[in-house]
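Structure first, commentary second.
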């Protein structure tokens, strides 16, 4: 494993941006790749990320000057693949591809009752893009996000997640693979903050950074800054969130999900309990994420937020009650 | 009054075991020959000797043996007596001490017992004895090669205070897991600031087995280390024998920052003036007056420049 | 898959006479991760744990542990001395009832020092200061060092047991219902301690519990046991949020907060 040279890598080019990128932007993106790559490599050494390394590590070599990347679709050089992963089935710039995803719950205690949450959902999300998932209540929006996060096991269909340079298929992934994905590539902001007793809000938000190798004091500083942006004052930051209001908890939740630069972000109703000012902060944070090349999939009930941040919409129709029953695929147990 | 003083030096007149046995013998017409030499039958002696050989081959290891019923109860030295009985021969010279003294009740009785049933010569001079049976002390006079010390042991297992299960202690000995022993020492230092065990101080024999050296004061532990004599330990109630062969290392357990140390006194012996022996504190009158006297009565009796003095000869 | 497992148990079966303690249980634990075994009483969780720690020889199956030097050791094939040594150094076992895992006859400091003394440390001062340090880490007051554990409360006993186990920096800790029988606030404190230590020491752990909230808080992966068998396993949040088996669904729905 020699030094990482930008010439070897194809930078992730956002879909809709101009093909002639400013060199500054290229460098910023390459820095981002470098950092994500170094975090991935740290984890792949079979040990906990080395806590001594700063989390914003400068690249090992300078980006090659004058090397403007070619537009998407043409490879300047062969893209090296991850050692143990199959050939990437994601195209360049694609971050998440969902294919014919279905999720059916069998509730053994109620009958058994069959609950079809998702049926034949397909879409692709690209780097720098925000996809809004819409639909009436009960149409499976949260379930969709949870399937992408690995929290629900899909009954059928495929989900491909970009992992570094390759892709991971959730259908084939085991529990530890998914844990690795969550560490490197997937960020998730749920609707509810699970409260751990005795841990302060600052610690809660700093923890994802510490878990990824950031020194605790830098992690806490970053966490504090982010919480500050979300109007959580310092004196609250030191308290455990158990006594917080719904809106305050939601902001801690958001901070926890957004404090580390996830390549893929899953946001479930991020602005549900927030006032106008904080909503704008969240929109700003999402925009910043997109700018650094992240792909965002979100459930937004607020039309204003939706219009401000989303680049595409995927509408989930509720499954037809009398429609053809689709038997769930065999249990997806490990 | 039977005055068989030639053979039984220091014997109290009247009521001795030999007299009782002698009387019975006279009644039977056979005398003390009604008993086997040294009381135990030859098969038992053979078994105990085999156990002793095994004990000598594995220094510090407790060898079980089938203890016999003796004419005194447990707690009165049956283990030591069985060991002595198994090894004593007509040519041996026996010394018996109890707490260092030849003339306490138990020392007298045991000496008379052996003497009556074997007819061996007895002595109070340490240097003259070939077998020394002792309870709770090692003589001050350094032992020589060819001498055998026989100890009376109440509880052979040094870990018994902390581990009540015999199965567990045997496993710990077998696996050489002696953390428990150091726990005891740790507790002492935590509570008293020093290791407070004053007698029966555990020691490591030949670097392999931890043993209890019987309730001798820790003052005597160093005498075991690389001693030229053979040391045999017998526990009658627990039915164990163990041994420290000559010239074997016996290291008392300690911490590197709380090393093993022996007791010392400010006074000298009031009788002989010795400053390097183990002193007993004796209350001499009703006003609480005390004097310190050598525990080892034989050591106290000897004077430099004179030949060895037996008890009962000359003034003390 | 990154790296090799720290411990791999394959097809562990143990029969108590005609009754099955556990049947055909296989699991793997990797460095730095916590695996929870959940199930109701009698489901075989503790049997599995004891078979893994070497305390119980299973009727069938193998437990392979990868030690600090990278050697694969068959725990039940080891000579007894080596197995006991492993259990004293690289493995830890926290019993459900703290008095089973502590020596109630000696002081708290001696309890923590036990493994160090067994390991050959002969310097009293060093052993004592390490014991003091660990007392602080498990949040027990320093002046309790020389007290007997009989004077400790339930939560303190459990924390003392944890200190006793962790003093030799084991790579894998087995916890058998560590919060059983404790008050809620005491439980919270203990869980917080375990969480913090697991992260700071990069511990791997197998946690047996019937409390799903504890499993959710502490573990990354989960296995559900019923009748001695593993009926479902996967990521903790996945098994608890999307249970497939009827019994798992029953467990999850019966819990007040999971």
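Read-outs throughout are calculated quantities, based only on the coordinates presented, and are distinct from any laboratory measurement. Keep in mind that what you see is a predicted model, and the values were worked out from it rather than measured. Every residue, glycine as well, gets a Cβ built from its backbone with ideal geometry; the counts of neighbours run over all protein chains shown.
Across every direction, the projection of the convex hull enclosing the Cα atoms of region A:201-251 has a mean area of 3.2 nm².
Each residue, residue A:200 and residue A:311, gets one label point 7 Å from its Cα in the Cβ direction; the gap between the two is 3.9 nm. Hey, quick one: spin label on residue B:309, modelled 7 Å out along Cα-Cβ, who in region B:121-163 has an amide N within reach, i.e. under 15 Å? In region B:121-163, the label zone of residue B:309 (backbone N under 15 Å from the point 7 Å along Cα→Cβ) covers B:124-126. Averaging Cα coordinates gives a centre for region C:19-69 and one for region A:290-308; these two points are 46 Å apart.
By the beta-carbon count within 10 Å of each Cβ, the least crowded to most crowded order of C:156, C:223, fewest first, is C:156, C:223.
Using the Cβ-Cβ distance between residue A:122 and residue C:10 with R0 = 41 Å, the FRET efficiency computed as 1/(1 + (r/R0)^6) comes to roughly 0.55. Secondary structure note: in chain B, about 55% of the DSSP beta bridges are antiparallel. To the nearest 0.05, what FRET efficiency results for residue B:251 and residue B:168 with a Förster distance of 22 Å applied to their C-beta separation? E(calc), rounded to 0.05, equals 0.35.
Taken as Cα centroids, region B:187-209 and region B:125-141 sit 25 Å apart, rounded to the nearest whole angstrom.
As a proxy for reagent exposure, C:134, A:260, B:265 were ordered by neighbouring Cβ count within 10 angstrom, fewest first; the result is B:265, A:260, C:134.
Exposure proxy shown here: for A:283, C:123, B:272, the number of other Cβ atoms within 10 Å sets the order, fewest to most, as C:123, B:272, A:283. From the largest down, chain B spans 63, 50, 38 angstrom on the principal axes of its Cα atoms.
Taking every alpha-carbon pair under 8 Å whose residues sit at least 6 apart, region B:54-121 reaches a relative contact order of 24 percent. What angle do you read, to the nearest 10 degrees and between 0 and 90, between the alpha-carbon axis of helix C:124-137 and the longest principal axis of chain C? It is inclined by approximately 50 degrees. Segment residue A:218..residue A:107, full-extension length gain: 35.4 nm, with 0.36 nm per residue of separation and the alpha-carbon distance subtracted. For chain C, the longest principal axis of the C-alpha atoms and the axis of helix C:108-118 are separated by about 80°. Label positions at residue B:49 and residue A:114, each projected 7 Å from the Cα along the C-beta direction, are separated by 9.2 nm.
Provide the convex hull volume over Cα atoms per residue for region B:100-162, in Å³.
Values: hull volume 7.5 nm³, N = 63.
Cα convex hull per residue, to the nearest whole number: 119 Å³.
In region C:1-128, one over the average inverse separation of all distinct C-alpha pairs is 16.4 Å, which is the Kirkwood hydrodynamic radius. A Förster distance of 41 Å, applied to the separation of the beta-carbon atoms of residue C:139 and residue A:229, puts the FRET efficiency at 0.75. Evaluating kT/(6 pi eta Rh) at 20 °C and 1.002 mPa s, with the Kirkwood radius of chain C over Cα pairs in the Stokes-Einstein relation, gives 114 µm² s⁻¹. The equivalent ellipsoid that matches the C-alpha gyration tensor of region A:121-223 spans semi-axes of 27, 18, 14 angstrom, in descending order.
Model label sites at residue B:175 and residue A:276, defined 7 Å from Cα along the beta-carbon direction, differ in position by 7.3 nm. The separation of region C:175-235 from region B:242-271, counted between C-alpha centres, amounts to 51 Å. The Rg/Rh ratio of region C:105-169, with Rg taken over Cα atoms and Rh as the Kirkwood radius over Cα pairs, comes to 0.93. Which of the three applies to region B:123-221, rounded, prolate or oblate, going by the alpha-carbon gyration tensor with a ≥ b ≥ c and a/c under 1.5 meaning rounded? Prolate is the answer for region B:123-221, as a/c is 1.5 or above and a/b outweighs b/c. When the inverse distances between all different Cα atoms of region C:67-145 are averaged and flipped, the Kirkwood radius reads 14.3 angstrom.
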